[in-house]
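Enquirer: Here it is, the structure, as structure tokens.
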Amino acid sequence: MEKVVLNVEGRVQGHLDQSTLTAQGLADASRLGAALREIGFDAIYVSPLQRAQQTAQGIYDQLASHSADPVPQPQIMDQLIEISLPLWEGLLFSEVRNRFPEQYECWHNAPEKLCMEQPNLEGSPSFFPVPALYEQARALWQRLLPQHLDQTLLLVGHSGINRALISTALGLTPDRYQRLQQANCNITVLNFADGLAQPAQLESLNLTDHLGDPLPRWWREYRALRLVLVRHGETDWNRCGQFQGQIDVPLNATGRQQGQQAADFLRDIPLDFAVSSSLARPRETAELILHHHPQVPLAESKPLWEISHGAWEGCLESEIETRYPGELERWRTTPTAVQMPGGENLQQVWDRAIAAWEQIIAEALGRGKPEQIGLVVAHDAINKVILCHVTGLGPEQFWSFKQGNGAISVIDFDQRGKPILQAMNITTHLAGGILDRTAAGAL
């Protein structure tokens, strides 16, 4: 995404191609390129609109000037063009809200039902902008992915098309369009293991630390409650791939360092309350973070405990495969079908985690204090369940979200408790790079 004059003025842009990057936008594009130098790209694709092309050029200049290898030139792809909102384009958002109040409400609360006429077409046929954008995004994936197997692509688009691309990659439907945020010049990382045959994994969403903003901007419409969701730091069992579940394994030295790095990253965030799983590894992580917030007490929650792996706990993957042939593969591919021997199934984890999550939200909103920020520290499986719930995915999509040790996610809520995923799996504070390089060990 880009920062342009119409962004600054608060106007709807859509297909309009009248605006160019501001000085700040040009500087941010250069910062974005610098942040992406660690990644080698096989191809770069960009929207035909000039604001995106200027952004892509700023990225390319940084990549080319710091790489010993050739950097691919940006290629224009029409399917990266922004959402078409013909009746609103060029208007201030305040004008849209006043002139089209019902449509504006629909845009925010039922985007899949928003209907517009296309004034430049004979007969002014109506169309549905968000479903049309999702079809555009699906067509892009169907075109690009078969051409670039096992390659790394850079796509430079806009807020709307980026949301649709992320949504269609994850299997989200158009009614969830407003559940994901995209800031100007942010970075989002998607991993495709099998093209479109399986939903993608969202490695990270809406990273803005390279722009000097550790967490994305808090939007006015959602400025009621912000929850900062953190996964605990590393343990020795994470490092060696040993299933820990509800065994109370403490942080190792790397985990304590990750907790301290998360604490420093969140130092200036004005926390109002904090909740942690009562197991040692998240509690230690939360305590490190709260060292910078001594006025905030830590509440502990047993329903936020990690999934119980039962007989798998304490075992390496090789041991589980020997004792329960094929069950690990089923856990990776159809997690809702697996009953952990002597432990839980995913639905049981889902039920208790979401109940605890909803209680945290209800208690916070019930206090009547505006603009609260809360810290929630839990585990890999718990956080994945929460992220599925927030975005509207079911338990079968459990593996769609990556959660690194010490990673930070941000979920905002409006006064009615409606969520938006602002950022997910921020790990830039750990190793300084864009990609998640934390241990890939067991839960």
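No lab work stands behind these numbers, since they all come straight from the coordinates. What you see is a predicted model, and the numbers here were worked out from it, not measured in a lab. As a convention, Cβ positions derive from the backbone with ideal geometry for all residues, glycine included, and neighbour counts pool all protein chains shown.
Enquirer: Tell me which lysines have Cα within less than 19 Å of K418's Cα, excluding those fewer than 8 residues away on the same chain?
Expert: Straight-distance partners of K418: K113, K369, K384.
Enquirer: Would you work out which of S276, Q372, H389 lies farthest towards the positive end of the dipole of the stretch 220-431? Charges go on Cβ: Lys and Arg +1, Asp and Glu -1.
Expert: Q372
Enquirer: Something else: For S67 and Q50 in the same chain, what is the full-extension length gain: residue separation times 0.36 nm, less their Cα-Cα distance, in nm?
Expert: Between S67 and Q50, full extension yields 3.6 nm more.
Enquirer: Taking the Cβ-Cβ separation of F127 and N98 as r and a Förster radius of 25 Å, what is the calculated FRET efficiency to the nearest 0.05?
Expert: With a Förster radius of 25 Å, E is 0.60.
Enquirer: Based on Cβ point charges of +1 for Lys and Arg and -1 for Asp and Glu, what charge dipole magnitude is obtained for the chain about its Cα centre, in debye rounded to the nearest 20?
Expert: The dipole of the chain has a size of about 640 debye.
Enquirer: Ok, one more. Would you mind working out the magnitude of the charge dipole of the stretch 220-431 relative to its Cα centre, with +1 at each Lys and Arg C-beta and -1 at each Asp and Glu C-beta, to the nearest 20 Debye?
Expert: Roughly 520 debye for the stretch 220-431.
Enquirer: Taking the inverse of the average 1/r across all pairs of different Cα atoms in the stretch 316-411, what Kirkwood radius in Å do you get?
Expert: 15.1 Å
Enquirer: Now for a different question. Take every DSSP beta bridge whose two residues both sit in the stretch 5-210, then give the antiparallel share in percent to the nearest 5.
Expert: Percent antiparallel among DSSP bridges in the stretch 5-210 is about 45.
Enquirer: So what is the calculated 222 nm ellipticity per residue for the chain, using -39500 (n - 2.57) for each DSSP H run with n of 4 or more, over all residues, to the nearest 500 deg cm²/dmol?
Expert: -10500 deg cm²/dmol
Enquirer: Exposure proxy check: L365, L393 ranked by fewest other beta carbons within 10 Å?
Expert: Starting with the residue having the fewest Cβ neighbours, the order is L365, L393.
Enquirer: Would you mind getting me the FRET efficiency between R143 and A337? Use the beta-carbon distance for r and R0 = 22 Å, nearest 0.05.
Expert: My answer for the efficiency is 0.10.
Enquirer: Taking Cα centroids, how far is the stretch 366-443 from the stretch 27-80 in Å?
Expert: Here the answer is 28 Å between Cα centres.
Enquirer: Counting other C-beta atoms within 10 Å, and keeping those with at most 10, which DSSP coil trypsin sites (Lys or Arg not before Pro) do you find in the stretch 326-425?
Expert: Hits after loop and neighbour filter: R416.
Enquirer: Separate question: Note down the magnitude of the dipole of the stretch 116-197 about its Cα centre, charges +1 on Lys and Arg C-beta and -1 on Asp and Glu C-beta and zero elsewhere, to the nearest 20 debye.
Expert: Approximately 200 debye in magnitude.
Enquirer: Additional query: Picking from T336, Y177, Y45, whose Cα lies most toward the positive end of the charge dipole for the chain (charges on Cβ: Lys, Arg +1; Asp, Glu -1)?
Expert: Of the listed residues, the answer is Y177.
Enquirer: Let me ask something else. I need the calculated FRET efficiency for the pair N345 and D78, taking r as the beta carbon distance and R₀ as 35 Å, to the nearest 0.05.
Expert: So, using R0 = 35 Å, E works out to roughly 0.15.
Enquirer: Once fully extended, how much extra length lies between Q295 and Q415, figured as 0.36 nm per residue of separation less the alpha-carbon to alpha-carbon distance?
Expert: Full extension of this stretch gives 40.7 nm more.
Enquirer: Hey, fewest Cβ within 10 Å first, where do S30, S126 land in order?
Expert: By the 10 Å Cβ count, ascending, the order reads S126, S30.
Enquirer: Full-extension gain between L435 and Q359, please, as 0.36 nm times their residue separation minus the C-alpha to C-alpha distance.
Expert: Taking L435 through Q359 to full extension adds about 24.1 nm, to one decimal.
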